[in-house]
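Asker: Dropping a structure here in C-alpha cells format, bear with me for questions.
The values are calculated or read from the model by the stated rules, or taken from the named source; none is laboratory data. No experiment lies behind these values; they were computed from the predicted model shown. Positions of Cβ are backbone-derived with ideal geometry, glycine not excepted, and every protein chain shown enters the neighbour counts.
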Amino acid sequence: MKAIRRYYWLTQKFLSRHYKVILRTTFVVLVLSSALIYFSRYLPTPKQYTRIGLVGKFSPETLPLLIQSQVSQGLVTVNADGDPEPALAKSWVVSEDKLVYTFLLDPDIKWHDGSSLKPEDVVYNFKEVESSYEEGKVIFKLKEPFAPFMNAVARPILKNSKIGTGQFSIIASRVNTGVVQSITLSSPKEKLTYKFYPTETSAITAFKLGEIDKVENISYVPDDLLDDSSVNTTKNSSLARIAVLFFNNNDNLLTSKTARQGLAYAIKDKTFGYTRALSPIDQESWAYNPLVKDYEHDAGRAKALFSTDIENLGMVKIELKTSLQYLDIAEAIANDWRQILGIAVDVKVVTNISSDYQVLLTDFAPPSDPDQYTVWHSTQPTNFTHYSNLKIDKLLEDGRRTMDKKLRIDIYQDFQRFLLEDSPAVFLFRTSGFTIERKPLF
C-alpha cells in the first residue's frame, strides 16, 4: 500500500508541476493530426505497382492486344454482338455499295504527348485499300465489300509504335534484337510492368519465385497454386482458345475423308475435363452452329470408316506432333488410335508450329468475327492444313462479302456444317484463359 500511495503522490506532483506543458503538447498533437488528416486528401497517393507475366514473343509493332487496348483505341470498338461503337471516330458513313467508309474523328481526343488527333495519324496499312484524308475525316475505299472491315479498324492505333490515346501510356520498354522483353505502362493511379516469357511454364515459375505478381491468359493453373490460399485464380471466357487436331490434308493417308472421320470417331474423350468445342467458331459467337456432326466416340464406325481407303497404304503409321502443354492429351489420343484402329502412332513434342506435320495437336484463339477465310480457303498460304473444298471456299467468300448480318449467320452456319462433315480437323475442347495473382496482404 505504501508503494501505491508513493506512486500516486509522485504522479500528482508531476501533473501539478507540468500540466501546462502537457496541455500545450496535447493541443499541438490534436491540431497537427487534424491538419494531416485534412491535407492528406490533397497529397499525391503512391501508384499501385504490379508486375505482370505474359507468354509470347512480340516486337514493338506487334504488342498483344491486351496491352494495345490499354494504351490506345481504334476508330471503333466492336461489342459482343459484333456491332461497332464509337471510339476515335465519333460517327461514320458507309456508302450504298459498301465500298467507301468515311469516319469522322472525335475532335476532343488527344494523344498522350498532348497533340491533337489528326486524320493523317490514322494508319492501318491495309492491303488493297485506298486511304485518303479530309479535314477531320478518314476515308477508306475498298475494291470489294468486306463484312469484317469494322473489326479491322477496331485495332488500336499507336503513333510511332508507343504514343496512344488510352488510359495508360508507355513510359519504358526493354527491347533486345527487336523482341520486347518488358514494357511499363502508367496511368494516374497505376503502374504496370509486363514481362514476356517463352512458355507458360517459365511464366508460372517466375510467379512462384516472386519475380512477378500476376500471370495473365494462361491455359492451366498448377494444382499447387490452386491449393495455395495466398493465390487468387480467375477465369476469363473472353480469352478462350480451342484445342484442335489439325490434319495435313496433303498427306497420303489423310487426304481421305473417311480416314479423317475414322480417326475422329476413334477418340474416346474429346473434352479432357474442359468444355467441348464443336467447330472453329467459338460457342459465344453470334454465328455459332451447335447442330453439327459431333464425332462422339464410336469404335465400330471408326474402324469401318478408317479401313475404307487404306488397303493400298501398307503398314499405317501416324506422327502426332504437339507442344509439351498437350503431351498427356496427345498420348491419350494416340492410345485410342492404337487400340481401336490398330495403327502405329509416334507422339513428338515440338516447340514451333510449322506446316511440316502429319497430325498436329495445338490450340488457337478464335477471332471475334466468324470470318476464317485465311485459315480454310484453298488459296491462302496461311491454310496450313492444305485443305481444299470448293463449297467451303464459296461460303467463305460469300461470308466476308455479305454485309447483312442475318445472311452472314446463315452462311457461317452452313460453313460449320460442311466443314465438320469433311473433317479436315477434329475440334476437341474450349479452354478459358486463367489469371493467377497474389492476394493483397492487407
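Asker: Hey, Tyr295 hits all of (1) outside any loop (DSSP other than H, G, I, E, B); (2) on the phi > 0 side of the Ramachandran plot; (3) not β-branched (Val, Ile, Thr) but one; which does it fall short on?
Answerer: Checking Tyr295 against (1) outside any loop (DSSP other than H, G, I, E, B); (2) on the phi > 0 side of the Ramachandran plot; (3) not β-branched (Val, Ile, Thr), the one that fails is (1).
Asker: Here's another thing I want to ask about it. Residues Phe429, Phe364, Phe418: which one is surrounded by fewer than 17 Cβ atoms within 10 Å (Cβ to Cβ) and either in the same structural domain as Leu142 (by the TED database) or more than 30 Å from Arg51 (Cβ to Cβ) (or both)?
Answerer: Every option except Phe418 fails the conditions.
Asker: Any residue at all in region 415-438 that's in contact with a strand residue (DSSP E or B) (Cβ under 7 Å, 6 or more places away or on another chain) and either closer than 14 Å to Trp286 by Cβ or acidic (Asp, Glu) (or both)?
Answerer: yes
Asker: On to the next question. Quick one: would you say Gln283 is touching a residue at least 60 places away in the same chain (Cβ under 8 Å), over 29 Å from Asp414 (Cα atoms) and not assigned by the TED database to the domain that holds Thr201?
Answerer: no
Asker: In addition: The conditions are (1) part of a loop (DSSP other than H, G, I, E, B); (2) in contact with a helix residue (DSSP H, G or I) (Cβ under 8 Å, 6 or more places away or on another chain); (3) farther than 19 Å from Val359 by Cα, and Arg301 fails exactly one of them. Which is it?
Answerer: For Arg301, the failing item is (1).
Asker: Do we have Val347 as in the same structural domain as Asn249 (by the TED database), of a type outside the set (Gly, Ala, Ser), over 19 Å from Pro424 (Cβ atoms) and buried (at least 16 other Cβ atoms within 10 Å of the Cβ) here?
Answerer: Against the criterion (in the same structural domain as Asn249 (by the TED database), of a type outside the set (Gly, Ala, Ser), over 19 Å from Pro424 (Cβ atoms) and buried (at least 16 other Cβ atoms within 10 Å of the Cβ)), Val347 qualifies.
Asker: Among the residues that make up region 171-180, is at least one of them in contact with a helix residue (DSSP H, G or I) (Cβ under 9 Å, 6 or more places away or on another chain), outside the structural domain of Ile411 (by the TED database) and of a type outside the set (Val, Ile, Thr)?
Answerer: no
Asker: Can you tell me which residues in region 105-127 are assigned to a strand (DSSP E or B) and surrounded by fewer than 18 Cβ atoms within 10 Å (Cβ to Cβ)?
Answerer: Lys110, Ser116 - these are the residues of region 105-127 that are assigned to a strand (DSSP E or B) and surrounded by fewer than 18 Cβ atoms within 10 Å (Cβ to Cβ).
Asker: Filter region 260-313 down to residues that are among the aromatic types (Phe, Trp, Tyr) and out of contact with any Asp or Glu (no Cβ under 8 Å at 6 or more places or on another chain) and give me whichever is surrounded by the most Cβ atoms within 10 Å (Cβ to Cβ).
Answerer: The selected residue is Phe306.
Asker: Among the candidates Asp269, Asp224, Asp228, Asp251, single out the residue that is farther than 30 Å from Ala304 by Cβ and in a loop (DSSP other than H, G, I, E, B).
Answerer: After ruling out the rest, the residue left standing is Asp228.
Asker: Among the residues of region 78-91, which ones are surrounded by fewer than 18 Cβ atoms within 10 Å (Cβ to Cβ) and under 22 Å from Arg408 (Cα atoms)?
Answerer: Asn79, Ala80, Asp81, Asp83, Glu85
Asker: Which one is farthest from Leu192 (Cα to Cα) among residues in region 432-442 that are touching a residue at least 40 places away in the same chain (Cβ under 8 Å) and surrounded by fewer than 22 Cβ atoms within 10 Å (Cβ to Cβ)?
Answerer: Applying the filter and picking the extreme gives Ser432.
Asker: Got a sec? Which of Lys141, Lys195 is in a strand (DSSP E or B), touching an Asp or Glu at 6+ places or on another chain (Cβ under 6 Å) and of a type outside the set (A, V, I, L, M)?
Answerer: Unique residue meeting the criteria: Lys141.
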